[in-house]
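This is the structure, below, for whatever I ask next.
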Ligand SMILES: NC(=O)c1ccc[n+]([C@@H]2O[C@H](COP(=O)([O-])OP(=O)(O)OC[C@H]3O[C@@H](n4cnc5c(N)ncnc54)[C@H](OP(=O)(O)O)[C@@H]3O)[C@@H](O)[C@H]2O)c1
């Protein structure tokens, strides 16, 4: 087994995912950028020569199980183990729509990407994760998905992230005996295409807990919801 740490980040062509890729590459990781638009990812990398050197773009549409399986097969042919999986790809739709007017289609679309996407990716990459001595899975969730503090904003998104938190707990419990840590992260409100220009946090701040969980957090920290490197309520 090679000593080089390896990581796959979904939705890595912009925003928080791209920042996580930059930070992990600085720490010497070999990175796979899972994206659904190869050209967009190439343009992003063109301005980041250091990341370009240590990374590879892989077609991975989290909505499409075949695409996820194909990416897993390809990455399996390139590396012997996967140390870090960051399920970052996400969408925010119908944010201002009250729950009374939110359609089943809007909820299903959100769940497809934000909940089932990470689920498929974890299933497809499990074999490679099991080959790492201490694999870490980080699901990028949101405070909007916290049941302890659930408001009425973005119901489709919030429901999908609450369900992602449940998926996180299930995987954490199922994989504990294999030393695979699985946690969810709330990055806070971050200035990205999704978060908008007036969000108070930078991408560096949004990426911080994800990178910490991927590298420095105690390996027995699992099944938790993390914000700013601390456990928060589900
Ligand atoms: N920004 C915030 O304030 C905030 C707050 C809480 C949680 N989060 C979470 O943080 C994560 C990253 O968000 P962000 O702010 O960086 O958002 P962003 O700038 O909108 O980026 C979202 C990323 O997800 C990708 N993506 C969407 N659907 C995909 C699919 N089916 N397959 C593969 N990739 C897909 C996008 O790819 P394309 O470029 O191809 O569209 C893009 O790379 C999300 O899970 C989000 O819910 C963000």
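Suppose the filter is touching a helix residue (DSSP H, G or I) at 6+ places or on another chain (Cβ under 7 Å), without any contact (Cβ under 8 Å) to a residue 24 or more places away in the chain and more than 26 Å from residue 164 (Cα to Cα); does residue 51 pass it?
Criteria not met by residue 51.
Okay, moving on. If residue 182 satisfies all but one of (1) within 16 Å of the ligand (Cβ to nearest atom); (2) over 16 Å from the mean Cα position of the chain (by Cα), what's the number of the condition it fails?
(2)
Collect the residues in segment 165-188 that are farther than 15 Å from residue 139 by Cα and touching a residue at least 40 places away in the same chain (Cβ under 8 Å), keeping them in residue-number order.
Passing the criteria: 176, 178, 179.
Which of the residues that make up segment 187-226 are surrounded by fewer than 22 Cβ atoms within 10 Å (Cβ to Cβ), within 10 Å of the ligand (Cβ to nearest atom) and more than 17 Å from residue 91 (Cβ to Cβ)?
Correct list: 188, 191, 200, 201.
Do we have residue 176 as over 19 Å from residue 60 (Cα atoms) and either more than 14 Å from the chain's Cα centre (by Cα) or not in a helix (DSSP H, G or I) (or both) here?
yes
Output the strands (runs of 3 or more DSSP E) that fall wholly within segment 1-80 and possess 3 or more residues being at pLDDT 95 or above and away from the ligand (no atom under 16 Å from the Cβ), or say none.
none
Based on what the data block shows, is residue 86 in contact with a strand residue (DSSP E or B) (Cβ under 6 Å, 6 or more places away or on another chain), in contact (Cβ under 8 Å) with a residue 24 or more places away in the chain and within 15 Å of the ligand (Cβ to nearest atom)?
Here the answer is yes, as residue 86 does meet what is asked.
Given the conditions (1) buried (at least 22 other Cβ atoms within 10 Å of the Cβ); (2) within 12 Å of the ligand (Cβ to nearest atom); (3) in contact (Cβ under 8 Å) with a residue 40 or more places away in the chain, report the number of the one that residue 158 does not fulfil.
Residue 158 satisfies every listed condition except (3).
This table checks each residue for (1) free of Cβ contacts under 8 Å to residues at least 24 places away in the same chain; (2) in contact with a strand residue (DSSP E or B) (Cβ under 9 Å, 6 or more places away or on another chain).
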site: 10; (1), (2): no, yes
site: 18; (1), (2): no, yes
site: 26; (1), (2): no, no
site: 45; (1), (2): yes, yes
site: 55; (1), (2): no, yes
site: 60; (1), (2): no, yes
site: 64; (1), (2): yes, no
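Sticking with this one: Please verify whether segment 140-150 includes one or more residues that are touching a helix residue (DSSP H, G or I) at 6+ places or on another chain (Cβ under 9 Å), buried (at least 20 other Cβ atoms within 10 Å of the Cβ), in contact (Cβ under 8 Å) with a residue 24 or more places away in the chain and under 20 Å from residue 58 (Cβ atoms).
For segment 140-150, residues touching a helix residue (DSSP H, G or I) at 6+ places or on another chain (Cβ under 9 Å), buried (at least 20 other Cβ atoms within 10 Å of the Cβ), in contact (Cβ under 8 Å) with a residue 24 or more places away in the chain and under 20 Å from residue 58 (Cβ atoms): present.
Any idea how many residues of segment 100-139 are surrounded by fewer than 14 Cβ atoms within 10 Å (Cβ to Cβ) and in contact with a helix residue (DSSP H, G or I) (Cβ under 8 Å, 6 or more places away or on another chain)?
Residues flagged as surrounded by fewer than 14 Cβ atoms within 10 Å (Cβ to Cβ) and in contact with a helix residue (DSSP H, G or I) (Cβ under 8 Å, 6 or more places away or on another chain) within segment 100-139 amount to 1.
The values are calculated or read from the model by the stated rules, or taken from the named source; none is laboratory data. Just so it is clear, the structure is predicted and the values come from calculations on it, not from any experiment. Note: ideal-geometry Cβ built from the backbone for every residue, glycine included; neighbour counts use all protein chains shown.
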